[in-house]
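**Q** Structure incoming, see below.
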Amino acid sequence: MTISCTNKPRNIYLSVILIWALLLSLVVYAILEFDLQRAEREFIDDVNIHYQQVNTRTQVNESILEGFAAMVSTTQDFDRARIRSYAQKMLQQYPHIFMLEIVEKVPQAQLQAFSEYYRKNIFPEFKVKAFNFETDRQWQPVTKAKYHMPIVFMEPFPPESQDVLGLDINSNAFFKRVLEKSERLNRSIASDPFKLIEGDLAYLIHKPILTAEHGNQAYINKSGAQGGFAILVIHANSLLASENHAFPGITELLYNPAYDHTDNRGHLYKNNATEISEFESKLFPHLLFSKAITSESQPFVLRIEQQLGWNIVSWGKITSALLVALATFAILIIYARLNYQNEMERIATSERLFYRANHDALTGLANRSLFYDRLNHALSQAARQKEMLAVLFLDLKGFKAVNDNFGHSVGDEVIKLAAERLQDCVRAADTVARQGGDEFILVQEKISGQQDVDYIIKKIKTEFEQPFTVNYHLISVGINIGSALYPINGEDVESLVNHADSSMYKDKRAEK
């Protein structure tokens, strides 16, 4: 007996310590879970912003190229001043575009006359030449070919880019492949990413220039050209203007899907992540977003990854939680000493028993006993104050089919959702009870007449036209409603309930 008395306080203290430790663990876990969810939300917001930015700019590129090609095709005698003015306006409005260019398609036999025409009329130092973008990146003489594609127009045309005028882009295999595809399909096509002669990483978008007056045929210029292309030169990193991120561990990559995402040849933009320790990478999740851009001519893929780490943890909140936990621990010890916990448990048990005795276990609504008690009280009050009240009897339509088709667990969820929907339809002072099975009953106090009853009936039926979602199933359940008005349809509980029940069955028959 003495041992028991000695162990009792010790057990109480041990229980308090265990409860305190559990609560502290739950709080810390909740903070960490919240931080993880916040980091994931921020990641999703970030990638959506960047994806929308790239998507918008690629669509803008397509639109500008279409307009530029159309404008050139309708310009008589290749009016360079007009074309340059148009190009300048586009560049001013869309600064992410590096340059607008025109190349002309020249047969080998016309190359000499073509060069003389441009030296005489456009640029005295004009010369058709080649540049090897793929190997030694050196200027080279033009070799014989069926066609040449020299650049004949550039905007802007700064001094450092003047050597590019006359560049035969058809002399490089990856340009030639894209030009032929663009001409064959008669639509815009983007090249692989490459380094400009000036050194920046870029890509080209090509669009054949066709003249509508000749039935969408390639235009013929005085220079001897037999067709041409409008070209946009896009700095690769201009599609994704990356800002500094709040968290390290983010890798952003925009690449051409003709290459694997690990192949540098297809990379247009890459922002490498800052270092995250191996321990962090094992402890925290890795987030990944990968989605193709909707542009037909620039079907790039945006891939963003983030390795979460300690940096996402709200250390201030955890420190505050620890301080609060220490204060709580002291309070719990005092409560344990005063044995107050036992009294609180007794009160809580009493309240639970009372609740269970007066409420439906499934829905939490008033049960029949509590409902009839409240209805009696409401009738007494209505009689004293000469007021009206209504009793509504409700029955779910098609509920048996729910149990048969989906099982009783789904049926129980439907009952609970129906109870919640009924409570949302009525006033806080009204009483909603579960009569049993799929039947409900409610009382409306302080009403002015039948119009109030009709209004609530219409409101409930309208709400039940919407299906319930349970376990990803959409379940439609209607409702039949009968009503009784005090004192018109009865002055006691039994009369009102029976009349509402009968009225509900009339409602059922009327819908058949």
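The values are calculated or read from the model by the stated rules, or taken from the named source; none is laboratory data. Nothing here was measured: the structure is a model prediction, and the numbers come from that model. All Cβ positions, glycine included, derive from the backbone under ideal geometry; neighbour counts span all protein chains shown. Keep in mind that these areas ignore ligands, DNA and RNA; they rest on the heavy atoms of the full protein, side chains included. Shrake-Rupley method; radii C 1.70, N 1.55, O 1.52, S 1.80 Å.
**Q** For every helix of n ≥ 4 consecutive DSSP H residues, a contribution of -39,500 (n - 2.57) applies; sum these over the chain, divide by its total residues, and give [θ] at 222 nm rounded to the nearest 500 deg cm²/dmol.
**A** -16000 deg cm²/dmol
**Q** Taking the Cα-to-Cβ direction at residue 81 and at residue 334 and moving 7 Å from each Cα, how far apart do the two end points lie in nm?
**A** The answer from the label model is 9.2 nm.
**Q** Taking the Cα atoms only, what angle lies between the long axis of helix 368-385 and the longest principal axis of the chain, rounded to 10 degrees?
**A** 80
**Q** State the extension gain, in nm to one decimal, for the chain segment bounded by residue 488 and residue 472, taking 0.36 nm per residue of separation less the distance between their alpha-carbons.
**A** Residue separation times 0.36 nm, minus the Cα-Cα distance, leaves 1.3 nm.
**Q** Same structure again: For the chain, take the longest principal axis of its alpha carbons; what is the angle in degrees between that and the long axis of helix 80-93, to the nearest 10 within 0 to 90?
**A** Between helix and principal axis, roughly 30 degrees.
**Q** Now for a different question. Can you find, among 81, 467, 24, the residue sitting farthest towards the positive end of the charge dipole of the chain, where Lys and Arg contribute +1 and Asp and Glu -1 at Cβ?
**A** Of 81, 467, 24, it is 81.
**Q** Now for a different question. Please list, or write none, the lysines whose alpha carbon is within less than 29 Å of the alpha carbon of residue 270, excluding same-chain residues fewer than 8 places away.
**A** By straight Cα distance, residue 270 reaches 176, 181, 195, 207, 282, 291.
**Q** Can you find, among 433, 324, 239, the residue sitting farthest towards the positive end of the charge dipole of the chain, where Lys and Arg contribute +1 and Asp and Glu -1 at Cβ?
**A** 239
**Q** Could you state, as a whole-number percent, how many of the C-alpha pairs of the chain are farther apart than 31 Å?
**A** 68
**Q** So, in nm, how far is label residue 459 from label residue 123 when the simple model puts each one 7 Å beyond its Cα toward the Cβ?
**A** Going from the residue 459 label point to the residue 123 one covers 7.7 nm.
**Q** A further question on this structure: Keeping all protein chains in place, calculate the accessible area per residue for the range 375-417 (probe 1.4 angstrom), answer in Å².
**A** It amounts to 49 Å² per residue over the range 375-417.
**Q** Same structure, new question: Enumerate the calculated ³J(HN,Hα) couplings along the range 123-130 in order (Karplus 6.51 cos²θ - 1.76 cosθ + 1.60, θ = phi - 60°), each rounded to whole Hz, writing x wherever the residue is Gly or Pro.
**A** Coupling constants for the range 123-130: 9, x, 9, 5, 8, 7, 8, 10 Hz.
**Q** Right, here's the next one. Can you give the extra length, in nm with one decimal, that the chain gains between residue 448 and residue 145 once fully stretched, where that is 0.36 nm per residue apart less the Cα-Cα distance?
**A** 99.6 nm
**Q** Further question: Give the lysines reachable from residue 397 as a straight Cα distance under 16 Å; neighbours fewer than 8 places away on the same chain don't count.
**A** Within the straight-line cut-off, residue 397 pairs with 416, 458, 461, 506, 508, 512.
**Q** Let me ask you something else. Hey, what do the phi angles of the range 421-434 turn into as Karplus ³J(HN,Hα) couplings, whole Hz, using 6.51/-1.76/1.60 and θ = phi - 60°, x for Gly and Pro?
**A** Calculated HN-Hα couplings, in order: 5, 5, 5, 5, 7, 10, 6, 5, 7, 6, 9, 10, 10, 9 Hz.
**Q** While we're looking at this one, here's another question. May I ask for the percentage of alpha-carbon pairs in the range 11-125 that lie more than 19 Å from each other?
**A** 71
**Q** Return one number: the angle in degrees, 0 to 90 and rounded to the nearest 10, between the long axis of the Cα atoms of helix 315-338 and the longest principal axis of the Cα atoms of the chain.
**A** Tilt relative to the chain: about 10 degrees.
**Q** Evaluate E = 1/(1 + (r/R0)^6) for residue 495 and residue 40, where r is the Cβ-Cβ distance and R0 equals 56 Å; express this FRET efficiency to the nearest 0.05.
**A** Taking R0 as 56 Å, the efficiency between residue 495 and residue 40 is 0.40.
**Q** Which value, in debye to the nearest 20, gives the size of the charge dipole of the chain about its Cα centre, when Lys and Arg are +1 and Asp and Glu are -1 at the Cβ?
**A** Details: 53 positive and 61 negative charges, 89 e Å.
That gives a dipole near 420 debye.
**Q** Using Cα centres only, tell me the gap between the range 71-125 and the range 382-409 in whole Å.
**A** 79
**Q** A further question on this structure: Using R₀ = 51 Å, calculate the FRET efficiency as 1/(1 + (r/R₀)^6) where r is the Cβ-Cβ separation of residue 408 and residue 19; round to 0.05.
**A** The calculated FRET efficiency here is 0.90.
**Q** Computed FRET efficiency, Cβ-Cβ of residue 33 and residue 251, R0 35 Å: what is it to the nearest 0.05?
**A** Step by step, r from the Cβ atoms, then E = 0.90.
**Q** At a 1.4 Å probe, what is the % contribution of carbon and sulfur to the accessible area of the chain?
**A** C and S fraction of accessible area: 53 percent.
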